[in-house]
Amino acid sequence: MARSRSRQPRVDDIAAGGFVRSVVLLRDRVPSFDIYPYCLPAVRSLETLPLHDKVTFLIGENGAGKSTLIEAMAVAAGFNAEGGSRHFNFATRRTESDLHQALRLIRSPRRQRTGFFLRAESLYNVATTIDDLEVVDPYGGRSLHAQSHGESFLALAVNRFGPEGLYFLDEPEAALSPTRQLALLALIDDHVQQRGSQFVVATHSPILMAYPDATIYQLSAEAGIQTVAYEDTEHFKLTRDFLNDRPSFFRELF
């Protein structure tokens, strides 16, 4: 069954069982809405963003602000900007915005037992830190550098993600084949259904965002942030149309 059509999110629409119920932009802390990242339409329009108690997706075109927003959420939750657990404190090159300073996470009475911020683009830096700290055992007992990008990504998720965890994932599909994306979906489902975890995921992947009953937020220059049904996302429609009629796309492209 298709989800409801695009509309503005309301706090009452989202179950309150997760660790973070919503994200609030403290507009009085914004230095100017004319400078980055506050000039992004998704940030300019942000007031209160309810999070699903299990899985929330942030989607949109390149430059819409998905990674910027999920990074700010993760840092506001106490995670390292380049990724890792709350105990990681390293910086290869500081590129994070100061958006986290203007965000407030509205938490539920539940407190997570563990958590992780996993972003595909800086997994190399996280793997290096794990080796340098000599804490390989919790990550499967084998250096993540000794594995392919996709293998190391899944090894980290399988071995390091624990029950009752708060997890932020930034474009995980960049490291994963379609088959491994399905494996990640199965892992996410096990954690939210059986282990009481909560996930916030920024993604372009029509495979990942198909997770049943998740909340999907579309970030765009036109509407800022709106909820959208999976079947109404450009990712779903474009992939479906391309697979159904590749020759017409090739005629347009070539």
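The values are calculated or read from the model by the stated rules, or taken from the named source; none is laboratory data. Remember, it's a predicted structure, so these values are computed and weren't measured experimentally. Counting neighbours? That spans all protein chains shown, and the Cβs are built from the backbone with ideal geometry, glycine included.
With respect to residue 119, is the statement that it is among the basic types (Lys, Arg), modelled with pLDDT of 70 or more and farther than 18 Å from residue 23 by Cα true? Considered against the rule, which asks whether it is among the basic types (Lys, Arg), modelled with pLDDT of 70 or more and farther than 18 Å from residue 23 by Cα, residue 119 comes out as yes. For the stretch 46-67, a residue qualifies if it is buried (at least 23 other Cβ atoms within 10 Å of the Cβ), assigned to a loop (DSSP other than H, G, I, E, B) and at pLDDT below 95, and exactly one does: 65.
Apart from one condition, residue 27 fits all of (1) at pLDDT 95 or above; (2) in contact with a strand residue (DSSP E or B) (Cβ under 9 Å, 6 or more places away or on another chain); the exception is (2).
Go through 212, 206, 172 for me and flag whichever is of a type outside the set (Val, Ile, Thr), touching a Phe, Trp or Tyr at 6+ places or on another chain (Cβ under 6 Å) and either more than 23 Å from residue 110 (Cβ to Cβ) or surrounded by fewer than 22 Cβ atoms within 10 Å (Cβ to Cβ) (or both).
206
Rundown of residues vs (1) in contact with a helix residue (DSSP H, G or I) (Cβ under 8 Å, 6 or more places away or on another chain); (2) closer than 19 Å to residue 52 by Cβ; (3) buried (at least 20 other Cβ atoms within 10 Å of the Cβ), yes/no style:
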site: 137; (1), (2), (3): no, no, no
site: 145; (1), (2), (3): yes, no, no
site: 153; (1), (2), (3): yes, no, yes
site: 163; (1), (2), (3): yes, yes, no
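When the stretch 27-48 is filtered for residues that are in contact (Cβ under 8 Å) with a residue 24 or more places away in the chain and among the aliphatic types (A, V, I, L, M), the ones remaining, listed by number, are 30, 40, 42, 43, 46.
So that you can scan it fast, the table gives a plain yes or no per residue for (1) assigned to a helix (DSSP H, G or I); (2) over 23 Å from residue 21 (Cβ atoms):
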residue: 173; (1), (2): yes, yes
residue: 179; (1), (2): yes, yes
residue: 199; (1), (2): no, no
residue: 209; (1), (2): yes, no
residue: 222; (1), (2): no, yes
